[in-house]
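**Student:** Here it is: the structure, laid out below.
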Amino acid sequence: MNHWKRTAAALAGVALLGMNGLPALAAEPAADGTAATPEDQQIAPYAIGGQATIKSLPGQDNENQLLVSVKNPGEEAWDLALNLSDETVFLDNTAGIPVSLQDLKEGQEVYVYYSAAMTRSLPPQSAAYAVLTNVGEGTPAKFHVVEQTLAGPDGQITVTTDHGSMMVSATEETKISSLKDKSIVTAQDLKMGTRFFAWYDVVALSYPGQAAAERIVLLPQQDQQEIEIRANGKTLEVKAQMKDGVWMAPVRQVAEALGFTVGWDSQKRETLLTSAQGSVALSIGQDSYLLEAAAEDGIAVCTAPQSFGAAPEIQDPGVTWAPVQVFELLARKEAISFVDGALQIVVTAE
């Protein structure tokens, strides 16, 4: 398995997850009134999907490779060596349940998702993200990663994915399950960085595209406890850390990179964040966050306290850590997204 991990990591280079072959999206008008082209919109998939036939299974000489012939409608068939890893997913597309590599057979028709990064060898090699079986004449599940989560009416959750080019909604009718086990999961488990399969046929002709999922299967959390932080386009030296499913960040370094001011009240054990929008007091050990909006006409307005699943804590002397959603409270809109394997926080100065 270690050999698998090394090979996949070497090939993953420029991409994580996503999809190719989305239904065509209607282009937004350009500045001159003409329709913008996909190139103008710069839609770049995290990964590529394609119909394929298995030519050979992993063996002694290629213990981590699955050789397939990729053949999409209107294209000539071509060979591709898929490098498998511990994180490659094998899924029954109809049942939405995992299958085993040992269940695959030569000559079997499958649908594959693989990295956009390929070697220049013959055949080219790429990291395999997923292999779907039992697709038949149906629509293959779409492979996504949550970039942002947006709350909607009646408990509906909408997530953005594919570099913001797609919005997928989980409604009351959406069946949600976990690929890893039989634990109960809900739309609330669609957090930033979560990988998932979604089944849907209709995509609204808009940009971004919009679809309501009939079924969603959450994939196991990747073994990634630290990720890069980009604040207003600048990559920080510090990294975010995962704690009980919540991404935590060192408050001062991130806040100052975003142009916020940071204060500390030693008696109350509170870190105070201030921006043009107002201020938030982070009380050590209390998972309660309240925005006191900047005063207008001498009157300050407070929002209802919110919980983000983790309380501020001091990991090292003088360093307060808090959920990354805290920084979004001090912005006028959704400022945080998970893009290309990093937490991206963008706050435009007023």
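**Student:** With a 1.4 Å probe and every protein chain kept in, tell me what percent of the accessible surface of segment 94-159 is carbon plus sulfur. Kindly include the intermediate steps, with their values, before the conclusion.
**Tutor:** Working: 1620 of 3150 Å².
That share works out to 52 percent.
**Student:** Do any of LYS142/LYS191; LYS71/LYS142; LYS142/LYS239; LYS175/LYS239; LYS105/LYS142 go past 28 Å between their Cα atoms, and which?
**Tutor:** LYS142/LYS239; LYS175/LYS239
**Student:** What's the extension gain from GLU292 to TRP264 if we count 0.36 nm per residue and subtract their Cα-Cα distance?
**Tutor:** On the way: separation 28, 0.36 × 28 = 10.08 nm, distance 1.66 nm.
That works out to 8.4 nm of additional length.
**Student:** Which order do the peptides 262-268, 228-234, 272-278 take when ranked by the mean count of other beta-carbon atoms within 10 Å per residue, highest first?
**Tutor:** Working: 262-268: 10.7, 228-234: 15.9, 272-278: 18.6.
Ranked by mean Cβ neighbours within 10 Å, highest first: 272-278, 228-234, 262-268.
**Student:** Another question, then. Output the antiparallel fraction of DSSP beta bridges having both residues in segment 121-243, as a percent to the nearest 5.
**Tutor:** On the way: 23 of 31 bridges.
Rounded to the nearest five, the antiparallel share is 75 percent.
**Student:** For SER121 and LYS239, FRET efficiency with R0 = 22 Å and r from the beta-carbon atoms, rounded to 0.05?
**Tutor:** On the way: r = 34 Å, r/R0 = 1.53.
So the FRET efficiency works out to roughly 0.05.
**Student:** May I ask you to work out the translational diffusion coefficient for segment 77-189 at 4 °C, viscosity 1.567 mPa s, via Stokes-Einstein with Rh from the Kirkwood sum over Cα pairs, reported in whole µm²/s?
**Tutor:** Details: Rh = 16.2 Å.
The estimated diffusion coefficient comes to 80 µm²/s.
**Student:** Full-extension gain between GLN225 and ASN62, please, as 0.36 nm times their residue separation minus the C-alpha to C-alpha distance.
**Tutor:** Numbers: separation 163, 0.36 × 163 = 58.68 nm, distance 3.05 nm.
Length difference between fully extended and current span is 55.6 nm.
**Student:** If you don't mind, there's one more thing I want to ask. Along Cα→Cβ, 7 Å out, is where each label goes; now give me the distance between the ones at LEU104 and ILE284 in nm to one decimal.
**Tutor:** Result: 5.2 nm between the two label points.
**Student:** For VAL319, project a label point 7 Å along Cα to C-beta. Then give me every residue of segment 247-286 with its amide nitrogen under 16 Å of that point.
**Tutor:** Residues 248-257 qualify, since their backbone N sits under 16 Å from the label point.
**Student:** Calculate, in nm to one decimal, what GLU172 and ILE184 gain on full extension: separation in residues at 0.36 nm each, minus their alpha carbon distance.
**Tutor:** That pair, GLU172 and ILE184, stretches by 2.8 nm at full extension.
The values are calculated or read from the model by the stated rules, or taken from the named source; none is laboratory data. Keep in mind that what you see is a predicted model, and the values were worked out from it rather than measured. With ideal geometry, Cβ positions are generated from the backbone for all residues, glycine too; neighbour counts draw on all protein chains shown. We work out accessible area using only protein heavy atoms, side chains counted, and drop any ligands, DNA or RNA first. Shrake-Rupley method; radii C 1.70, N 1.55, O 1.52, S 1.80 Å.
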